[in-house]
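Written out below as structure tokens is the structure these notes cover.
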Amino acid sequence: MARLVACVGFGLIVLLGIAAAPAEGPAWKAGGKGCSERFAHGAVWDAKRETMLVFGGEGRKGEGFVFFNDLWTYSPAKDEWKELSLKEQPLPSKRGYHACAWDSKRNQMWVFGGCGDTFQGLDDLWAFDPEKLTWTKLEPEAPRPKGRLSATMHYHPGSDSLVLVAGLGGFGPKSVPVRDLWVYDIKANKWTEKKCVAPQLWQCASALDPKRGLLLLHGGFDERFEVRTETWVYEIADDKWREPVEGKRFVDAHAGVWDADSGRMLVYGGANPQKGAKGYDDVWAFDPDKSTWKPLEVAGDKPGGRAYHSAVWEPKSRALIVFGGTANQFSDPPRENQVWILKLPAK
């Protein structure tokens with residue numbers, strides 16, 4: 001399969017800053033099982049309804065793969081999964097590796113791109129309203145971003161816009177990561193390409209600091225299909241990238257969230273590029289003020305190493321919620337369809 005080109009040829013990998021397993025700290029808690037096993041799906045935290053929304057993704061079917069376009073919610077308070085039954089309406093096509101963002105002003109989820117059975121990047125933009133249970137496809141005029149998968153997108157409340165960066169045009173040996181960064185003005189229904197040149201990355205972890213208007217990227221693949229370790233910080237208002245900071249280690253297909261109370265990006269899991277290795281199973285925190293990474297001490301059982309999973313941040317109880325993924329690379333067995341929750345102490 002063409003995607004295997006992304007998983008080979010990394011040479012010797014040096015892990016940076018690996019800490020010994022701690023004996024004490026907050027503990028993971030296993031939650032209920034829900035939708036079918038999947039990876040490369042999208043997930044957001046619906047703060048109004050206090051639920052996690054999970055959309056689409058990819059799963060295994062025999063020796064091949066299958067894509068989904070179903071929509072599920074998970075309530076941590078009730079430890080309950082529900083599939084949303086939508087009225088007859090246009091729906092996004094079945095897909096994985098798409099970018100998702102939660103719009104805190106309109107209380108809706110945004111979905112951009114990804115790929116389906118052709119493994120070529122999609123360029124459509126959708127909004128889902130959990131109150132009305134309706135999907136809406138947006139049709140902004142050109143210019144607009146080209147199709148891409150494994151991109152990252154976040155809602156920026158300061159400018160009431162979506163910020164889209166990174167991604168790959170499609171799986172295959174001729175595919176090249178994009179170098180553009182786009183901002184979608186929601187009210188005007190208009191995309192604008194920024195002047196800055198973005199790092200060529202895909203399958204990186206990301207988070208957005210809404211208070212200071214900072215977009216953070218870590219790791220992922222570069223244009224040579226090699227795994228990176230750098231951490232990038234983009235200043236949205238100034239359309240400027242800071243000098244990259246050495247990251248915690250070489251990793252891709254990991255998941256990041258923003259913890260506003262501590263002012264840090266939290267990153268969980270990710271693919272270990274060493275042949276035959278298992279996915280990472282730890283949590284790290286990046287402080288953009290100090291440009292430093294620090295592992296979090298966690299006690300007890302862990303979810304098990306994984307990559308291509310989703311992670312959302314529930315700020316009320318300071319909980320990191322992780323779901324799905326694979327044991328390591330995309331071709332590895334998927335993780336079971338169980339939620340894991342890590343509640344962190346107040347900062």
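Computed from the coordinates by the stated procedures, all read-outs in this text should not be read as laboratory data. These numbers were taken from a predicted model, which means no experiment stands behind them. Every residue, glycine among them, receives a Cβ derived from its backbone with ideal geometry; neighbour counts consider all protein chains shown.
Taking loop as defined by DSSP and a crowding limit of 15 other beta carbons within 10 Å, which trypsin sites (Lys or Arg not before Pro) in region 32-118 fit?
The qualifying sites are LYS48, ARG49, LYS78, LYS87, LYS105, ARG106.
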Step through the table entries LYS248/LYS275; LYS248/LYS347; LYS174/LYS194; LYS48/LYS248, compare each Cα-Cα distance with 30 Å, and write down the pairs that go over it. LYS48/LYS248
Looking only at aspartates and glutamates whose Cα falls under 13 Å of LYS78's and that sit 8 or more positions away or on another chain, we get GLU50
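Kindly state, as a whole number, the per residue volume in cubic angstrom of the convex hull around the alpha carbon atoms of region 155-285.
Each residue corresponds to 115 Å³ of Cα convex hull volume.
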Equivalent ellipsoid semi-axes - Cα gyration tensor, the chain, angstrom: 26, 23, 22
In whole Å, what is the distance between the alpha-carbon centres of region 133-165 and region 282-333? 25 Å
Which entries of LYS190/LYS211; LYS33/LYS278; LYS82/LYS302; LYS87/LYS132; LYS137/LYS187; LYS61/LYS302 have Cα-Cα distances beyond 19 Å here? LYS190/LYS211; LYS33/LYS278; LYS82/LYS302; LYS61/LYS302
